[in-house]
Amino acid sequence: MLGWTKVVAQKVRSIPREDYELRASMMKNMYKGRTMYLISCGPSISEVWCPELRQFLSDKLVVGVKQAQELAPEIFDIHCFNHVRIQGYRHHPDTIVMSVYHPYWNRGTDVYFPLVHRARHNESRWQKSLIVSKNWVDGEIEVNYPRPWGPGIVLELCIYLPTFFGCSELVIFGWDMNENDMQHFYKKDLFKRTGKAHYNNVLRECRTLPGAIPSLLEWWRSRGVKRVRLCSPRSALPIPQASVEEVLCG
């Protein structure tokens, strides 16, 4: 966590809680020129997470997705979650909490983003999703504050944060999207309760997302994020890979 984040959090929280859009606007370009480290929940987190990485990230701009925040609550500048597999999270006082979906789930949230619709995997909505349309521009926070359907919070919110914050580099951990291992690092029986329909939906996402990555990389570059690396050994996404050692060396 950066010391600067305490100042940003104070600025955000000085605005009435119900004015979420104004709160979000306060964060525009607040981390200009920095590297953003995004930690998601793919199974490869179990392979890369180590004391050295935790220490390295302790003074960096770190964004956590859902239960990734539990790895080391004190290092996260930003925590992003939605209603799916929500739990009681332990936050550092200066962590800025962002959530997507319905206000019921947003107690304690600093910045809430509504979702355009509660989308299911019917074909018409699937064709309008980010993963299919690749319409990254329309999802920019400055263009449309309500979040488009990704599916998933990484696509709906997290991919937009480095450009919104003004970052010049992005390093991602745990974004695997591999059809051969579709679990999360914290939950190995993901489909036991949710069943075959959920399994098929996630499988479709894993098979579709790799084809969207080249245009996403180009969009990031066009918005000033000049270098994107992925530290996720099991990932199926065509993003340049970096080892933990390479990340630690910068």
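The values are calculated or read from the model by the stated rules, or taken from the named source; none is laboratory data. Keep in mind the model is a prediction, meaning the values are calculated, not measured. Positions of Cβ are backbone-derived with ideal geometry, glycine not excepted, and every protein chain shown enters the neighbour counts.
Considering each residue of region 192-207 in turn, none proves to be at pLDDT 95 or above and closer than 30 Å to LYS28 by Cβ.
Against the list (1) out of contact with any helix residue (DSSP H, G or I) (no Cβ under 6 Å at 6 or more places or on another chain); (2) at pLDDT 95 or above, the condition PRO114 fails is (2). Taking the listed residues SER168, SER222, the one that is at pLDDT 95 or above, surrounded by fewer than 18 Cβ atoms within 10 Å (Cβ to Cβ) and in contact with a Ser or Thr (Cβ under 8 Å, 6 or more places away or on another chain) is SER168, with no other qualifying. Just one of the listed residues (PRO73, PRO51, PRO43) is of a type outside the set (A, V, I, L, M), farther than 21 Å from GLY139 by Cβ and free of Cβ contacts under 8 Å to residues at least 12 places away in the same chain, and it is PRO51. Of the residues making up region 205-223, those that are in contact (Cβ under 8 Å) with a residue 24 or more places away in the chain, among the charged types (D, E, K, R) and over 22 Å from ASP181 (Cα atoms) number 1. Taking region 33-73 as the range and being among the small types (Gly, Ala, Ser) and under 17 Å from HIS91 (Cβ atoms) as the test, the residues that pass are SER58, GLY64, ALA68, ALA72. Scanning region 13-37 for residues that are crowded, with 20+ Cβ neighbours inside 10 Å, at pLDDT 95 or above and in contact with a strand residue (DSSP E or B) (Cβ under 7 Å, 6 or more places away or on another chain) returns ARG23, ALA24, TYR31, MET36, TYR37.
None of ARG120, ARG125 is modelled with pLDDT under 95, surrounded by fewer than 21 Cβ atoms within 10 Å (Cβ to Cβ) and either outside any helix (DSSP H, G or I) or among the hydroxyl-bearing types (Ser, Thr, Tyr) (or both) except ARG120. Among helices (runs of 4 or more DSSP H) entirely within region 130-241, having at least 2 residues that are polar (S, T, N, Q) and over 14 Å from the mean Cα position of the chain (by Cα) singles out 190-222.
Every residue, every condition in (1) modelled with pLDDT of 95 or more; (2) aromatic (Phe, Trp, Tyr); (3) farther than 22 Å from SER99 by Cβ; (4) surrounded by fewer than 19 Cβ atoms within 10 Å (Cβ to Cβ), yes or no:
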{"site": "ARG147", "(1), (2), (3), (4)": "no, no, no, no"}
{"site": "GLY174", "(1), (2), (3), (4)": "yes, no, no, no"}
{"site": "ASN180", "(1), (2), (3), (4)": "no, no, yes, yes"}
{"site": "PRO214", "(1), (2), (3), (4)": "yes, no, yes, yes"}
{"site": "ARG227", "(1), (2), (3), (4)": "yes, no, yes, yes"}
{"site": "GLN241", "(1), (2), (3), (4)": "yes, no, yes, yes"}
